[in-house]
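Taking it in order: structure first as C-alpha cells, then the write-up.
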Amino acid sequence: MPSRRTRRGPARGFALALVLLGMPFAGVAAAASAPDAAEVAAYAERVMREAVPDPDGPGLAVLVARGEEILYRGARGRASIELGVALSPDHVMRIGSVTKQFAAAALLKLVDEGRAALDDPLAKYLPDYPNAQAITLHQLLDHTAGIANYTDLPGYMDGPIRRDLSTAELVAVFAHEKPDFAPGEKWAYSNSGYVLVGAVIEAIAGKPWHAYLDEAVLAPAGLTHTRYGADAAVIDGFATGYSLAGGRLARAQALSMTQPHAAGALVSTLEDLWHWNLALHRGRVLSEASYRRMITPAGAAAKADAPYGYGIGRGTLRGRPALTHDGGIPGFLSKLTWLPEQQLTVVSLRNADGAPVPPAERRIAAFALGDPYPDPTPVAIAEDALRALEGVYRKNETDSRVLRVVDGTLTSQREADGRTG
C-alpha cells in the first residue's frame, strides 16, 4: 500500500501537476483580440486529442460558446466501449452536482411565487426534522446549515447507496446524525442539505421535486434533454458510465438514482447546459432579486475557500470572474461555467470517474478569450521522485485528492469519501 500523508492547504503535488499541464497560477497575460470560431475549433481539436489520447476509451465532450455563438462543440472517445460507439456532442450524461443549481432555481421560483421565503425555518415544511426551527432555507441552499453529509457516512457508499428510497426514507438516513456545526456558523459542502431542498420543494408543490422542476424551470427554459435520470428510464442517446479508479477500466459503481436526489440526479447535454446558462444568467428564469441572491455568497459561505452562492460557486478563469459548479457521480464528471463579462459558456461532460482528464475545457476557453495558457511541455521525472509525492492532499475538510503512481504515472483521484460532486 502506498504511504498516505495528509497535507492541509495548497498541495505542492497539485501545483506540480498544473505546471506539467501548462496551467500555472501565474498572473494574467494581456489578452489579445478574441479569436473567431474557426480558430477556436482548430485549437480545440488539438487540445482534445491531447486530453483524450485513447479514442477507444471513455470520452470527453466540450462546448464553448460566446453568447449565442458556439465557438467549439466536440467530443472524443467512446460513449460505449463494449459496442464501439463513438461519443458525440449530443450524448446525454449524468451531471452530478451541477444538479444543485437547478434545484436551487426551483426553490427560488417558489420564493418568487410567494410560496416560500429564504428566511423560512425548515420546520415550516419538515416539522419533524431535528432542530428544524434553527435551520433556514437560505442555509440549506448555501451549505451553511451544518447538516451531516450522508454520502460521508462510514460504509454508506459500499452498499446502502444502491437502495431505492423515498424522500422521507432518504431524509431519515441522516436526520439524527450529529450536526457538523451550528446553523450559519461555518460552511461545509453537504449533499444532505440539497436532499432537504428537494424535500421542501415536494412539501410546497405537492409533487416530486423533479416533476416541479420540469414544470416550472426546465420546460419554460426549453431544455428538452435535461431530466431526472431515473434508473428505469429509457433515455435516448444516454452514454455508458465507466470508472478509471486505480488506473483500471471498469463499469461505473451501481447506485440508486433515488439517492442523489436534488443533490445530483439530473442528466443533460452540452447544448442544454449552454441554453441553461443563457436563460439563467440573462434573467429568463428568476426575478432579479432571487438571481442576485443565487450568485452572491454571503456570511460563512462567502468566506469559504471557493465562495458559494446557491448551487453556484465563484471562481476565476484566467483572472476573469466566473460562476461555476462541477459534478462527480459514479461513471461521470461534469463542469459548467459562465463568465459574465464575456458572456462565455464553458461546458464539459466526461463518461468516466476516478481519473479526470486534463482540463481541456479551461484551455479552450482561455484560447477563446485571447489569453491562452502556455502549451504543456513534457518533463521526464524519475519514478522515485513521483513516489515521494504519493499521499492524500487536502484543500479543506471536504475536498481532498489521492495521488498514486500507477505504471510509472502519477495519478490523481478524489479521495473515496463518497461525495456526489
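Quick note: the coordinates plus some simple rules give every number you see, no bench work behind them. Just so it is clear, the structure is predicted and the values come from calculations on it, not from any experiment. Every residue, glycine among them, receives a Cβ derived from its backbone with ideal geometry; neighbour counts consider all protein chains shown.
Points to keep in mind about this one:
- Cα-Cα pairs of the stretch 268-397 separated by more than 20 Å (percent): 57 percent
- Burial ranking of peptide ranges 252-263, 78-89 (average Cβ count within 10 Å, highest at the top): 252-263, 78-89
- If R0 is 25 Å, the Cβ-Cβ spacing of LEU278 and GLU215 corresponds to a FRET efficiency of close to 0.75.
- With a Förster radius of 45 Å applied to the C-beta separation of GLN133 and ASP236, the computed FRET efficiency comes to 0.50.
- Karplus-based coupling profile of the stretch 323-333, in residue order and whole Hz: 10, 8, 7, 10, x, x, 8, x, x, 8, 10, with θ = phi - 60° in 6.51 cos²θ - 1.76 cosθ + 1.60 and x standing for Gly or Pro.
- Cα point-scatterer Debye curve for the stretch 250-306, base-10 log of I(q)/I(0) at q = 0.16, 0.22 Å⁻¹: -0.82, -1.02
- Counting lysine pairs in the chain that sit 8 or more residues apart in sequence, or on different chains, and whose Cα atoms lie under 17 Å apart gives 7.
- Highest mobility in the GNM of the chain, judged by mean-square fluctuation with C-alpha springs under 10 Å and restricted to TYR125, TYR150, TYR242, is found for TYR125.
- Cα centroid separation - the stretch 37-98 against the stretch 120-186, whole Å: 36 Å
- For the residues THR151, THR345, THR224, a GNM of the chain with alpha-carbon springs under 10 Å puts the largest fluctuation on THR224.
- If the convex hull is drawn through the Cα atoms of the stretch 145-196, its volume per residue in Å³: 73 Å³
- Within a Gaussian network of the chain (alpha carbon springs, distance under 10 Å), most fluctuating of SER33, SER243, SER268: SER33
- Local charge for ALA279 was computed over the other residues whose Cβ lies under 15 Å away, with Lys and Arg +1 and Asp and Glu -1, and equals -3.
- Length gained when the stretch ASP54-ALA182 is fully extended (0.36 nm per residue, less Cα-Cα span): 41.3 nm
- Two-site FRET efficiency, ARG251 against GLU45, from Cβ-Cβ distance with R₀ of 35 Å, rounded to 0.05: 0.75
- Coarse-grained scattering of the chain at q = 0.06, 0.09, 0.12, 0.15 Å⁻¹, given as base-10 log I(q)/I(0) from a Debye sum over alpha-carbon atoms: -0.23, -0.53, -0.99, -1.60
- Considering only beta bridges that DSSP places wholly inside the chain, some 90 percent are antiparallel.
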